[in-house]
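Derivation of every value follows stated rules applied to the coordinates shown; laboratory data play no part. In this text the structure is predicted, and so the values were computed from the model without any measurement. Reconstructed Cβ throughout: ideal geometry from the backbone, glycine too, with neighbour counts over all protein chains shown.
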Ligand code: UD1
């Protein structure tokens with residue numbers, strides 16, 4: 001694992017271009033397992049997690065070419081439906097190939113997933129969903145096997161929590177259950193769900209209501225090859241916006257979808273960040289004072305995203321007063337707080353809420369990254385802090401941020417990666 005070395009304090013300036021969405025690309029890549037024809041996906045970010053998903057598709061014997069942000073996927077002639085542990089353990093999103101493979105080839109086996117260490121992440125909603133769709137599921141030695149047992153005419157799947165992964169998994173699997181009418185209630189509404197539905201509908205699927213709490217899927221017999229462009233990564237965009245504000249910088253963020261970041265903009269405006277939208281895909285961010293404190297509730301979309309919670313806590317660590325950040329999606333996702341304290345931040349965590357007492361300045365230090373978004377928060381803290389910061393075990397950042405060192409350097413940060 002390598003380290004990042006940052007010389008602070010930085011004052012970010014210039015412009016940064018946002019890449020395609022990781023969390024959109026992953027379920028869309030998984031959904032290509034439904035196809036008998038070539039699929040071309042554009043604006044795919046070059047990230048470790050994307051390479052893992054491509055390896056999974058290759059393990060299923062799809063032919064995948066990935067170059068310059070474009071992935072071309074041809075279906076397997078002789079499919080393999082047992083996806084090995086080494087691939088699935090790396091990333092939770094890999095579990096989403098189970099349903100599509102089993103729907104297409106009647107039976108599939110996938111290991112229980114791994115992923116970021118942000119707390120317990122069960123797959124019970126996924127399995128219950130598959131069972132309701134007519135699959136049997138069986139877990140033995142950490143391997144889940146799903147087998148298509150019967151055709152269901154109509155089913156209502158009501159999710160106990162609007163899980164992004166479960167909504168995507170059920171929606172994709174149901175898409176090719178010919179003759180089955182599936183209703184997903186309490187569905188996740190994240191923009192990535194809508195992107196997946198747009199992709200599948202373009203290929204001939206019939207999915208209604210994606211982007212609302214009630215999604216209807218009318219299963220079809222066949223999907224047709226298509227070309228689809230992935231939406232911009234709202235979490236990457238949000239991270240750069242927070243970093244610019246946190247360093248009291250003034251810079252442009254380009255190629256983003258502003259309408260996907262309303263909850264972040266509301267919070268930042270309350271803390272006195274200047275945000276001026278130049279057009280739908282470009283925003284200017286500037287800040288010329290320590291932030292005002294704010295109260296944030298982290299909730300599913302359209303609420304404040306959990307994937308920006310560590311970064312916003314880093315930003316608020318220099319607020320002029322006490323902020324609170326309550327996490328309701330992954331209740332124990334506060335591993336970054338201990339590391340932020342090493343910079344001199346004053347943060348307590350109590351019962352799912354971080355209480356952030358703003359300090360005047362942070363000091364450079366040595367820290368280590370516990371997960372992908374924690375790594376991003378530590379980078380922001382390192383940019384804000386006076387002196388040198390060394391972030392070890394930082395490679396997880398490459399799971400979610402394309403060319404992060406180059407992009408931050410182009411914003412005039414002094415940052416380097418050491419193996
Ligand atoms: C996705 C995102 C991740 C983001 C998260 C929440 C991808 C690839 N990852 O993860 O970056 O942080 O949404 O916005 O898109 N749960 C269960 N049982 C289940 C499924 C989920 O209890 O079967 C719980 C989880 O433990 C968690 C909550 O539901 O507390 C939300 O998780 P979920 O929305 O499923 O997250 P992911 O899809 O894994």
Exercise for review: Give me the number: length gained by fully extending residue 259 to residue 346, i.e. 0.36 nm times residue separation minus the C-alpha to C-alpha distance, one decimal in nm.
Suggested key: 28.0 nm
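How large is the Rg to Rh ratio of region 22-229 when both quantities use alpha carbon positions and Rh follows Kirkwood? Don't jump to the answer; show the numbers that get you there.
Details: Rg = 15.2 Å, Rh = 16.5 Å.
Rg/Rh: 0.92.
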Review point. Can you give the angle from 0 to 90° between the axis of helix 48-59 and the longest principal axis of the chain, with both taken from C-alpha atoms, to the nearest 10?
Key: 10 degrees
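What length, rounded to one decimal in nm, is gained on full extension from residue 278 through to residue 136, with 0.36 nm per residue of separation minus their alpha-carbon distance? Intermediate values should be presented prior to the final figure.
On the way: separation 142, 0.36 × 142 = 51.12 nm, distance 5.16 nm.
Full-extension gain reported as 46.0 nm.
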Review point. Hey, fewest Cβ within 10 Å first, where do 216, 154, 149 land in order?
Key: 154, 149, 216
Revision key, fill the gap. Over all viewing directions the Cα convex hull of region 172-238 casts an average projected area in nm² of 4.7 nm²
Practice item. Over region 194-334, consider all pairs of different Cα atoms and compute the Kirkwood hydrodynamic radius from their mean reciprocal separation; express it in Å, one decimal. Key: 16.8 Å
Review point. How far, in degrees from 0 to 90, does helix 191-202 lean away from the longest principal axis of the Cα atoms of the chain, to the nearest 10?
Key: 30 degrees
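What's the exposure ranking of 65, 198, 312, 193, going from fewest to most Cβ atoms within 10 Å?
Working: 65 11, 198 18, 312 30, 193 27.
Exposure proxy ranking, most exposed first: 65, 198, 193, 312.
Percent of alpha carbon pairs in the chain separated by more than 26 Å? The partial results should precede the final answer.
Working: 46709 of 87571 pairs.
Of all Cα-Cα pairs in the chain, 53 percent lie more than 26 Å apart.
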Review point. When a footprinting reagent is the concern and you count Cβ atoms within 10 Å, what order do 52, 389, 326, 212 take, fewest first?
Key: 212, 326, 52, 389
Review point. Helix 164-175: angle to the longest alpha-carbon principal axis of the chain, degrees 0 to 90, nearest 10?
Key: 20 degrees
Check your understanding: For the chain, what proportion of DSSP beta bridges, expressed in % and rounded to the nearest 5, is antiparallel?
Key -> 70 percent
